[in-house]
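Structure record follows, encoded as structure tokens.
Readers should treat all values here as calculations from the given coordinates under stated rules, not as data from a laboratory. Everything quoted here is computed from the prediction, not taken from an experiment. No Cβ is skipped: glycine too gets one built from the backbone with ideal geometry, and neighbour counts run over all protein chains shown.
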Amino acid sequence: MLLGISIVALVKEGHRNDLYLFLTCVYTVVLALTSTLGRSRTIDIASNHLALVLFVTFAVYACRDLWPLATFTESPVDINEGTLLWAKISLLGLTGVVIPLVKPRVHIPIDSSQPAGISNEEQTASILSLALYSFLDPVIYLANRLAGLSYDQFPPLADYDDAHNLANKSFPILDPLLNHQKNHIFWGLMRVYRYEFASQALLMVIQVLADISTPVTLNELIKYIERSDETASVRPWVWIIALFLAPAISSVALHWREYLGTRTLVRTEGIITQLVFEHALRVRMKTESDHGGTTAVPTPDTASLAGTDGPETAKSAPASGNTSPESQTSSDGELTGKITTLVTADLGNITDARNFLSLGGSQFDFTGGFAHAYCTFVGLVVMLVGLPLPGYVARSLNTVQEEKMKKIDARVQTVTETLSALRMIKLFGWENKIKDQLQVKREEELFWSRKARVLEIVNGNVAQTELLDAFSDHEVSPGQAIEYIDFERDTIGFRDARFTWSGGNAGDSIPSKQQFSLNIEGDLRFQRGGLNMIVGPTGSGKTSLLMALLGEMHFDPLTPRSAFNLPREGGVAYAAQESWVQNETIKVKVPRGIWFLADNFARKMSSSEQHMTKRDTRKCALERDLDLFDAGDATEVGEKGLTLSGGQKARLTLARAVYSNADILLLDDVLAALDVHTSKWIADKCFTGSLMKDRTIILVV
């Protein structure tokens, strides 16, 4: 119909504006056909674009021909078109404003490969229904008629709120194990919710402008009443309509901003809770009792060789065990309490800062205040005089919040440990002692909580900055979450860890194991794809370091950030200091068929394969040993390697690890039983040869 009217206007008047309208109508017809005959996603894009084009066209005509009707001094520009003008404006208003507002939206599933299923009413409701929340009316009416609603009677969960889809969207940004970055969680959440925050900012601007327009509109209406129509340019009914629309628009913007903030809160709670618990499954956590006579043993120096024959490139600082008993007692076993606090108090502090954009609205109000002339400067002077006080209170509040969160962590951990050992506590009659410990922890927490509450009251009376209170918590809590999950998955090493052989068994018959403790302070990381050597005197803990890396020792976290990791995706091969050999033939003992040198196997190999096999055999210095055996690689080694010498068992153990498919090799002093020439041969031909390319070697020497 619009196309027909534009053709009539073009033929009748022949103006350039009519030609532009005709071309616009042709374009809208193409978009309308595309939105009807295209695919689902194409239909949605074409439909939205069509509504936008029609709305812009209506806005142009509204500025040219409708706004002049609201003034005393102007007249419509296209008034000469007569009834065709009002027909065009009516149709444009219907198709560009009314229909897009009431038309149901098309639901497009997030994952096109999965069936859509039953969609939530929110996903298909019209824009007007979303703005007024009328899509919830059926649920409200049903709840009004029934005493209670069952789970099946509630609307289904929208697919974009599903935990799986939220994780797929946010984890590549928030999880440092996936993005290999250590960004603050605030910036990660800003990236995840960038569209939500942009929408909230736009709604905040609309709300502030609507709030400011109410007194301005009332002022203009009073001026018109005082001056009648002598100097007025805008008709009074415009201000009357504006007095109704401004509060309505402000209310809609406010509640929609609150809705977006609440939805962001719920999604953030689900995402961070899932992220923390998934990371908890990646760490090995054991709550061990303290050893009264623990002896700290420094870790050995660690050297890394990046290339085959390159110089030493990195050496880790020794991690000494000079940890005070107080720090060990306060740090032991806090990981459980840390996780509990992260998903409760810290998560609440993070989500409390969801409305931080509201701080920007005060700037618009402050700017609009200058419209009330010089009286605003009196309040401005008072604000400037008292400006340092809120800053001091906010800094004090931030410090107190940090201490309060530490006390909460300690109290939660004590409660967790008590519940896990409740039967033993009842058996030994330790109820009063445990009660006293919990009372002390609780009193410390209440002391800092009272102090924080007093500062919050003072801060609220000094300046209405509730959001700054949330920011003081928001600054502390995300930092704790970041420290917890920022240990990379592909890292080989330790961070602030302590390892013991005994799990607190007082009846251990080996005193050395009772007293031994391997302490690692700070970060100790091994280089991937290179040769790392652990060097130290006898009894310094070199073997224990490998055992701790393999998870064979009990892990005691020194701090909430404590962690250790050994990637196992590519396989791990371990050669012990004391060779462990069972009764079997050599070719069975060593994997990958590298020792299949008997005639019946050699005939099946090409000449190049035989040459490669013999070359690799020489790298572990076993070629001479095979020649000494009558049966070659078919020789049985006997129980515990009875037929082999100490050096032969060591070389066989080394070959078993080297010729495996493992990406990471842990070699515990495998050169100790070899002479100098053999050790040099293995170091030159094996450790720095092509067989070890892109493989990680951790060698104890």
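Key figures for this structure:
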read-out: Length gained when the stretch residue 578-residue 251 is fully extended (0.36 nm per residue, less Cα-Cα span); value: 110.0 nm
read-out: Cβ-derived FRET efficiency at R0 60 Å, residue 344 paired with residue 71, nearest 0.05; value: 0.50
read-out: Label-point separation, residue 237 to residue 419 (7 Å along Cα→Cβ), nm; value: 6.8
read-out: Computed FRET value (nearest 0.05) for residue 59 with residue 120, which takes r as the C-beta separation and R₀ as 22 Å; value: 0.10
read-out: Assigned charges on the beta-carbon of Lys, Arg, Asp, Glu; the stretch 162-277 dipole about Cα centre (debye); value: 400
read-out: Long-range tail of P(r) for the stretch 222-270 (Cα pairs > 19 Å, %); value: 54
read-out: Per-residue ³J(HN,Hα) for the stretch 185-198, Karplus 6.51 cos²θ - 1.76 cosθ + 1.60, θ = phi - 60°, Hz, x for Gly and Pro; value: 5, 4, 6, x, 5, 5, 6, 5, 10, 4, 6, 5, 5, 5
read-out: Leading residue at positive end of dipole, the stretch 187-276 (Cβ point charges), from 273, 252, 217; value: 273
read-out: Label-point gap, in nm, between residue 392 and residue 52 - each point 7 angstrom along Cα→Cβ; value: 5.3
read-out: Karplus-derived HN-Hα couplings along the stretch 687-701 (A = 6.51, B = -1.76, C = 1.60, θ = phi - 60°), whole Hz, x at Gly and Pro; value: 5, 10, x, 5, 5, 9, 5, 6, 10, 9, 10, 10, 10, 8, 10
read-out: In order through the stretch 95-105: 3J(HN,Hα) via Karplus (6.51 cos²θ - 1.76 cosθ + 1.60), integer Hz, x for Gly, Pro; value: 7, x, 10, 5, 4, x, 6, 9, 6, x, 8
read-out: More than 24 Å apart - percent of Cα-Cα pairs taken over the stretch 2-102; value: 27
read-out: Additional length obtainable on full extension of the chain from residue 676 to residue 102, 0.36 nm per residue less Cα span; value: 197.9 nm
read-out: Debye equation applied to the C-alpha atoms of the stretch 162-277, log10 I(q)/I(0) at 0.10, 0.13, 0.19 Å⁻¹; value: -0.50, -0.64, -0.96
read-out: Spin-label pair residue 216/residue 160, simplified geometry with 7 Å Cα→Cβ offset, distance in nm; value: 3.2
read-out: Formal net charge of residues neighbouring residue 142 (Cβ-Cβ distance under 13 Å; K, R +1; D, E -1); value: -2
read-out: Full-extension gain in nm, residue 201 to residue 183, via 0.36 nm per residue minus C-alpha separation; value: 4.1 nm
